[in-house]
Structure formats: C-alpha cells, structure tokens
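In what follows, a structure is listed as structure tokens, so that the remarks can point back to it.
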Amino acid sequence: MDTNIVSEAVAQALLTKPEDAQNPEGVIEDDIPTCHPAEGAENPPASLEECSAVTHTRDSVAETICNLADKYISMRRQNAQLPIHRLPSEIFIMIFELAVDIGLPSNFPDPMLFTLSQVSSKWRAIALGSPRLWSQIGLFKPSLIDLFLERSNTAPFEVYIAKKYTAIELDEDFDFDDLDIDESEGVGFRLGLSSFSAHLHRCSSITLLGVTNNEFPSLLTFPMPLLETFRCEKTDAVPFSWSEIELPDDFLGNHAPCLRHLHLSDVVLPTDFQLLSGLLSLHLENVSPRLLVAQFVSHLRDCPSLQRLVLRWVEFEDWEETLGSEVVVAPVILPALQDMTISLRLELTRVLLVSVAIPPTACLRMRGHDQLDTLFLGTRDNFPNLSLIRALHFSRNKEVLEALLIGRATLRGPDLFSLFFYAWDHGRNVAEMVRGIISGIATPSSIEAMTFHALDEEWVEVLGFVATLRQLPALTTLWLCSSNPALIHVLVIINIAAWCPHLSELRLSGMAFSNRDLIRLVRGDANDGTPGGNATSLRRVRLANCVELKPETITELEKYVQVQVIDGDPGTCDCC
C-alpha cells in the first residue's frame, strides 16, 4: 500500500505507537470492526467465505500499518543521526533568516517562511520560536497581521505600507481625485492599522509609500521609543498632482529617541521639528519645511553623529529672500559626515556651502550650476576634501544625457567630490565646463590623473580638450575610454610632452584609433613626421578592449615603453 494514502488518523496513531510493542496486530485489533449484523437487521448470517475475506482484509491492513509504523520509527531514528539535526537551533535561525530575505519587507509575506515551518516538527518548532522571522509586516495582507504580531512575540517589528494605484496614462490636466484606487485595499489598510496600533511601541521601522496622513493619523503621532527608521515618500506611479503629506506638530509624539534614519519625500515639515538629534542619515527630497534656512542649520547642530545628508529640491520659507542677498549663518561642523548631496537652487546651495563644514574624507555630491567656478569662493575652508583631489573622472550616461565629474585622491580611490549635470543645463561644451570646474573646485597644479569616459565629439571637441590639458602641468596619467577617437590624433599634433611634461602613463580602453597615431605618440614624433623629434616622458601604455590593435603595433610600442594589453568585451570599460 502506498504510504501517501494513509489517513491523518492513522498517521497520528503511528506517532503514538510504542516502539517496544510485541504484537502489532494486538495494538489495533480493537479498532477494527467485527462482522456482526446490526441489531434488528434481517440480513442473513455471513457465509464462511465472507468472514474469511473480512479476516484476511483485517490482517492485511494490520500488517500494512505495522510495517508503516516500523518504517516511520526507523526513519525517525535515521533522521536523528543526520548531521543537520545536530546543528544548534541558532544556526537554523540564521539560515532561515537568509532564506526568507529578512530586510526586504516589500516581499511580505515570503512564501519560503511558511515552507520552512512545514518541513518537519523540529523545523516548525524552530521557526515558530524565532520572533525575528515574523517581525516584518505589510499592511496589504491584513489577514496575516494578527498571525505575525502573535508570532513576533515581543520582538521589535517593521511595518511596510505601500498604496497601489491603477496604471493609467497621466497628463497635465489629470485630476488626482479621479485616480482609480482599490477601495478594498484601503479597507485592508485601516483594518491592519487597527490590529497593530496597540503594538506600535515596539515598532522599529516604518515605510510609507504612496499614502496620505489622513489615512493613518495615529501612525504619525504615536510615540515610538524603539523606532530606528522612518521613510515616507510617494510612488513613481503618480509623478504629479500629488498632495503633500503634512507632518503634524507632534510627529511621532516628539518621542523617538532611537531614530537614526529619516527619509522624507513630498512632505511638509512642522514648524518645530525636534527629531533630528541622534540621526545617522537624513534624506529630504521635494520637501517644504516650515523653517528658515538658519533654523534648519541650527537643527543640524544637534546631529553630531550625522553620516549622510541628502537635500534635493528643498524649499525653505525664506528661500525667496536669499535671491541676490547674503544669508549669514555660522557654519555648523559635522565631524562624522561621510556623504553630503545637494541639489538645490543656486542661492540655497551657496547658503549651505557657507553654513556646513565637512571632514576631509567626506564626499560632496552636487548638481551642476552655471556659476560653479565661483560657487566655492570664500567657502573652501569648509571643504578640506577639495584640496585633496588629485584625480578627475569625467563620464556621460547616454541614456539620460547626464554627465558626471568625480574627484578622488587617487585614480581608483573613494570619491571626494561628485558633480552631475545634464546636456540641456548648459550651452557650453563639456570641456569648457570642465575647465571652469577645475579652476573653481580643484587645484589645477595638483591634478595628477584625468579620465574621459564615453565622451564623443558632441561632448568634447578637440580644441576644448587641448585647452583642458594645458591647465594640468602636473598630469602623470591620462585615461581615454570609449571617447572621441580624434583625441589620440590631437595628442600627436600638439606635442603633449611640452604641456604635460610629467605624463608617464597612457591608458586606452574601448577606443578606436589609428595604429600609426599610437606609435607616433609613443615615439614622440614631431609634426613633420621625424621619429623621436619631440621629447616624451611616457613610460607605460595600457591597452584594454581595443579591437583595432595590431600585433605589429604592440611589437613596435615595446621598443619604447612598457605595454600591457588586456583583452575582453570591446563594449566594457574598467575605468569607472
């Protein structure tokens, strides 16, 4: 008999069967009905053959159950000897947490969690005994909220709320009130909120996506002593016609002593915002604080542990007053800051640069402005990281027409400065912008390495490239990657050794070039073609993913410099 057809009742009997039973048939004999006719029945007595058949069936079933019981007991003993069953429960819990993607509440509920809890009685006991596995709750599954709250016991839990909207075409005349929202989902939200509102005191993380404060008023005013992360932003499904969430004056009951990460997008901050103290990261995007610039800077003084600060399109109440005027704010020192991102109006950017001082190892990230060459005048002392820049990297993202400038202490070191700008931001050529940036941000005489990546002739014309090199007398390494091939030819014509006498290493990645031009450049040929007519300090040439490179070219180059050739996908670049 196939073991899969054994009923649940029989399986339970197997679990309780004593291992030292001597007569398996006797264990179940009383459970098998005998062939007695019902009282008052007129049926004739069973024949001998019928009784024999019933007895045979009984004996067969009893034997099958006995065999299954023995097999079950044998499997239990065998499983108990397996190495995996000797692992401590703590190891199982660590494996379970990795399997169910702890840290990704958007996947709530993870089916793997229920699968693991149904493998065996031991695994189930371990899963149910680990509150952390049940500590991530999404309000879009209200039927499971009570179950997860119960199984999370007293452990801190995370809440993930994402409002889902019907995918529709939106235009400038679209009325947000006409947006198709699943009403049953909204009901589920409210039911879910009522279920765990009594447990908010042990909430450690809240994520709100696409919701409004009138849907969860108590969630925004309830004190949360264990809250570490609060994130609130709109979803990409509704890019405009969005009413901002107005945070109440008693946001989180003004009591969140463990709050370390605050991410707010499309919200209005209260006048007296008291929750910045102790933050490790602060992200404000499309935010309208009811604060003056000086008040916000004053709040930053309460954040000595702040490691990451992001300000994108923040409009302070007095931003119009900063136009054409000088806002005097005593600078605040953020000694632990590692990363600062500013994408604001030019006037507000000036105020922030004057008002904040960062450590020399921190990275400053900004959006490009027309007056970048003068933006840091009088503020260089607040940004000692700029004086450490020795390598510049310029690249372009073709998909979004975005250009990026990165300043580092070494060619592949951590970023110290990062600037992004779009093609339509400036009518000037990128090389012209680069020259202004170099003179306004870095110290040209200290730049030792420069990289151009994915900059074709539309972005870097030859004359602008030449003018840029003339600013860098200390340049030792030049790296051209998937850029305008004419740049190599111009290096031969201009006698690069005269302008960059210390240039010792040339790197070319994914470049299409003339093998003859490369040989002339390395030999230092004069304009009239005289081999070696120009002095050159090149000592190393690194060629990666250059499909037009010929073997005889490599042989010729090795007579003058050290050559390193790296083969690979021509479409890849290793300079970033």
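The values are calculated or read from the model by the stated rules, or taken from the named source; none is laboratory data. All of these numbers come straight from a predicted model, not from anything done at the bench. When we count neighbours, we look across all protein chains shown, and the Cβ atoms used for this are built from the backbone with ideal geometry, even at glycine. Surface areas here come from the heavy atoms of the whole protein model, side chains and all, with no ligands, DNA or RNA. Shrake-Rupley method; radii C 1.70, N 1.55, O 1.52, S 1.80 Å.
Listed values, structure above:
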item: Backbone HN-Hα couplings from phi across region 112-123 [Karplus 6.51/-1.76/1.60, Hz, Gly and Pro as x]; result: 4, 4, 6, 5, 4, 7, 10, 6, 7, 5, 5, 4
item: Förster radius 41 Å - calculated FRET efficiency between S298 and L128 (Cβ-Cβ, nearest 0.05); result: 0.25
item: Surface accessible to a 1.4 Å probe, M511 within the full protein complex, Å²; result: 10
item: S418 long-range amide H proximity, modeled H, under 5 Å; result: L364, R365, M366, G407
item: For region 475-486, 3J(HN,Hα) per residue [Karplus equation, 6.51 cos²θ - 1.76 cosθ + 1.60, θ = phi - 60°, Hz, x = Gly/Pro]; result: 4, 10, 9, 10, 10, 10, 10, 6, 10, 3, x, 5
item: Inter-probe distance in nm under a simple model that places probes 7 Å from Cα toward Cβ, at R470 and D567; result: 4.3
item: Pair M112, S47: separation of 7 Å Cα→Cβ label points (nm); result: 6.3
item: Computed E for A155/Q78 - FRET, C-beta separation, R0 60 angstrom, nearest 0.05; result: 0.95
item: For F196, solvent-accessible area (1.4 Å; no DNA, RNA or ligand), Å²; result: 0
item: 5 angstrom amide H check on R290, placed H, neighbours 5+ away; result: L269
item: Largest to smallest accessible area among Y72, Y160, Y560 [probe 1.4 Å]; result: Y560, Y72, Y160
item: HN-Hα J in Hz across region 353-361 - Karplus 6.51, -1.76, 1.60, θ = phi - 60°, x for Gly and Pro; result: 5, 6, 8, 10, 10, 10, x, x, 8
item: Cut-off 13 Å between beta-carbons: net charge of the residues surrounding P551, Lys and Arg +1, Asp and Glu -1; result: -4
item: Exposure rank, largest accessible area first [I161, I91; 1.4 Å]; result: I91, I161
